[in-house]
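As structure tokens, the structure follows; a few thoughts come after it.
The values are calculated or read from the model by the stated rules, or taken from the named source; none is laboratory data. This structure is a prediction, so every number in the text was calculated from the model and none was measured. Cβ sites come from the backbone with ideal geometry, for glycine too, and all protein chains shown count toward neighbours.
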Amino acid sequence: MFIPIPRSIKKMLAVFRGGVAPPLIFLSVMLGFWFGLVPGWSGLHTVLVILFLILNIHTALFLLSAAIGKGLLFAAAPVLYHIGVFAQDHISWLFKLLASVPLVGITDFTRYSVAGAVVVGPVIGAIAGLLLARAVIGFRKTLLRFEENSEAFKKWYSHRWVRIIDRLLVGKRTKDAQSLFTGRTVYIRKAGVVLALIVIIVSAVAVNMVKDETVREYAVNRMTQANGAEVNLASLALSLLTGAVSAAGIQVTDADSPENNFVAIEKLSADASLYNILLGKLVLDNLEVTNISFDEKRRTPGKVVTKSSEEKEAVFDPGEFKIEVADIAKLENYFKDAKALKENLARLRRFLPKPKDEKQAAARQVPLKHLEYLGARSQEPATPRLLARNMLLDKIEIPSVMFGNSAITLKNISDSPRTAGLPIDIEIGSHDTGAEVKVTVDFDSAAGPAKLSGIFSGFDLAKFQSGLGERAGLAFQSGLAAGSFNGQISAQTVDLSIAVNIKNLKATSQGDGILGLGANHTRRILDTLKDLNTTIRVVGPVTEPRVAFDTKGLTEQFRQALIDAGRERFAQELDGQIQKQLGDKLPDEVKEAVKPKGLLEALGGLLGGKKEEQ
């Protein structure tokens, strides 16, 4: 009984003696293996399909290679996982480069299996393609020798019934073996170009129909992971033609108080570029936000993903920061509500960079099940997917007497600031008090802490006084503070140096005074001291920082203030005695000569030395 060979096998056999050029055989196998080995469906798959349609690739070879690659994917999932871990650690630049290519950039390179397949897929495919191409070339050379040198073969194949059976069993072949080596290779498939355009248009329409929900889910997942607690996003609309983006109903759960929202935003709108969307990124420009509220009650408690209490607490060692123990004080010594301040610092800690070893430990959790290797991903994306270049929050009520109703400008806010490589700029300007702060956070280190720098001005110390405790040692009545700060901060520790300049200072002592001077000496100093320049350091664990003062510098300024106060008091007492003893008996020109200031200068001249030292 005659059993015909399946069409797919006939196509494979036809490769050896058909018109498929060896370079196209190589491309068919390589792209097929690459397509099958990469998990799921991604931007890379879309690009490979487009190449398959445009290039004159052998369909059967591509599909067979893709099927073998897909089987290899499931069989070697742990291997791909470990290759992906190595690749993300040592050739992360490759994924950043691929992320800059339209469509390819949509691929999720944070999945270790995807990263591994992207690297080894073309390598395995190239090896298999080369082997098959060499085998085809060898077969064709043998066939050519038979046709040219074997008269028996020529006579046997000249029979009509032989050619008919050959066509039925194997399929179409070239006219002769010589044409296998002399034929012109066509690399571009004209019909495939048209078909590729149709596929791109259909894909764009399909993406436009599902993009909003897909982007919304990704944004929710990324924000939830960054916040450590549930983030809700009611709706998100994205126009591929105009680039307009709008979102509504944003609720960010407070991880320390899940029944409340840390912040809630009614609506936001921005502009986004089509180019970045093709890279799988949502880059927002001119982002405007309306109706922001803090610490609102949620309808239902939000789900907490991670808890800050689970993080390892840093141990405070003064020697690590090169400061004297005598210069250090806890926040409770100066602030009334130090507990609330520490809670806010604990919230901030979730967004700060973790040490390298802690980060790697979190990212290197090995899956327990075989197929879990395919879904495991790095904790930090290879490239940021969400980036707000410019964000304006106007008329925001900040719960602080120093700021109150304020305008906040944010730049380069992303879901992965370390890999974005862009400094984050934050500006806060109060409409109520005139206080201003400008902060720059720079993640220029691959694993170290973030660098923090900035300036501040217009800080009314009278308003600042309401937040100081009774143990602070002094009470501000007036004065304006300005200055600058710089240092570094991580999820574990902070080391910040703050240069403070105070003008028109008016204050009095309370409690035991400051720097161990006692209440009386502190009062006398503050009565004379009008301007003050000092440096304050904030050091230690983020959730339990210490305040360190420049004791030496302050002591020198206070000493000079005491000297000035003594001079002024002596001058006043001497003037009083002169007026009491002489009264109006002396002429005016004599009174001028015996005024306290003139007498002090004369005495200084008699005793010798500089005026500044008397």
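Observations
- Of note, Gly71 does not satisfy the criterion of being over 19 Å from the mean Cα position of the chain (by Cα) and buried (at least 18 other Cβ atoms within 10 Å of the Cβ).
- Taken together, the criteria place Asn227 among residues that are at negative phi and surrounded by 21 or more Cβ atoms within 10 Å (Cβ to Cβ).
- Enumeration of residues in segment 301-331 that are at pLDDT 65 or above, among the acidic types (Asp, Glu) and either touching a helix residue (DSSP H, G or I) at 6+ places or on another chain (Cβ under 6 Å) or not in a loop (DSSP other than H, G, I, E, B) (or both): Glu320
- Tally, over segment 383-416, of residues that are in contact with a strand residue (DSSP E or B) (Cβ under 6 Å, 6 or more places away or on another chain) and crowded, with 18+ Cβ neighbours inside 10 Å: 15
- Restricting attention to segment 418-453, the residues that are at positive phi and either modelled with pLDDT of 85 or more or in the same structural domain as Gly487 (by TED's automatic domain parsing) (or both) add up to 1.
- Selection within segment 374-388 - in a loop (DSSP other than H, G, I, E, B) and either in the same structural domain as Asn221 (by TED's automatic domain parsing) or of a type outside the set (Asp, Glu) (or both): Ala376, Ser378, Gln379, Pro381, Ala382, Thr383, Pro384, Arg385
- Whenever a residue of segment 389-417 is outside the structural domain of Asn221 (by TED's automatic domain parsing) and over 22 Å from Leu468 (Cα atoms), its partners that are part of a helix (DSSP H, G or I) and not small (Gly, Ala, Ser), lying with C-beta atoms within less than 8 angstrom and at least six residues away or across chains, give the pairs Asp415/Arg222; Asp415/Met223.
- Exactly one residue out of Ser293, Ser273 is surrounded by fewer than 18 Cβ atoms within 10 Å (Cβ to Cβ), closer than 21 Å to Glu230 by Cα and hydroxyl-bearing (Ser, Thr, Tyr): that is Ser293.
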